[in-house]
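Read the structure below first, then the notes.
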């Protein structure tokens, strides 16, 4: 699925959730709010939309900025990529069962399992062969069996990951604390914006409580 389609699905889901919460908020406000109620009901009805759409678009913008800075994908769409070092990267397109190992943007391997040990990649390609790739010397060696790989790579603790698992772990390593900062910061910003919006609708001002009708 392309990024545009995924974003559209998010927008539809947000609308549905916001609409349900808006109905609940209208009912509660109608029961508990003191008169005058009209502006309060309008604020209650619109606030879920402001909050969730605000959080989504601020999060999308912030995630895009951090992803561009860290050179990883934004997390939506049909392509996922992470850098392995300054020259090598891993790319998955459409499927998460196999990935392309690239050097400076050029495909050199298609793999199903992979592990990084210091400056060496080991794993299994899509043809069933095992391999080792020195990321600094750029030497690629193929092995017919796992036993042959183990014999050639004595001293390595071989624990191959599926490419999807490797991608997830590598992306977490790269993004680090930003995986917490971005959603938390945009949540707080959206909450603050929603609060100010509700006050503006209810009282006609961000600060003072003016009489509403």
Q. How high is the relative contact order of segment 11-55, in percent, counting Cα pairs under 8 Å that sit 6 or more residues apart?
A. 51 percent
Q.
Given a 10 angstrom Cα cut-off, can you work out which residue in 169, 154, 141 is the most mobile in a GNM of the chain?
A. 154
**Q.** Contact order relative to length of segment 80-175, as percent, for alpha carbon pairs under 8 angstrom and 6 or more apart
**A.** 22 percent
Q: Can you tell me the 0 to 90 degree angle between the C-alpha axis of helix 178-203 and the longest principal axis of the chain, rounded to 10?
A: 10 degrees
Q. What's the angle, to the nearest 10 degrees (0 to 90), between helix 3-32's Cα axis and the longest principal axis of the chain?
A. 30 degrees
Q: Could you rank the peptides 24-32, 118-126 by their average count of other C-beta atoms within 10 Å per residue, with the highest value first?
A: 118-126, 24-32
Q.
Connecting C-alpha atoms closer than 10 Å in a GNM of the chain, tell me which of 191, 152, 43 has the biggest fluctuation.
A. 152
Q. When the helices in the chain are scored as -39500 (n - 2.57) per DSSP H run of 4 or longer and the sum is shared across all residues, what 222 nm value do you end up with, to the nearest 500 deg cm²/dmol?
A. -18000 deg cm²/dmol
Q.
Going by Cα centres, segment 138-175 and segment 1-47 are how many Å apart?
A. 48 Å
Q: Quote the relative contact order of the chain in percent (integer), defining contacts as alpha-carbon pairs under 8 Å separated by 6+ residues.
A: 20 percent
Q.
Which of 188, 133 has the fewest other C-beta atoms within 10 Å, and how do the rest follow up to the most?
A. 188, 133
Q) Just 77, 54, 137 to compare: in a GNM of the chain, with alpha carbon springs under 10 Å, which one fluctuates most? A) 137
Q: Can you tell me the 0 to 90 degree angle between the C-alpha axis of helix 163-175 and the longest principal axis of the chain, rounded to 10?
A: 60 degrees
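Taken together, the values in this text are just the output of simple stated rules run on the coordinates, not laboratory data. Remember, it's a predicted structure, so these values are computed and weren't measured experimentally. Every residue, glycine as well, gets a Cβ built from its backbone with ideal geometry; the counts of neighbours run over all protein chains shown.
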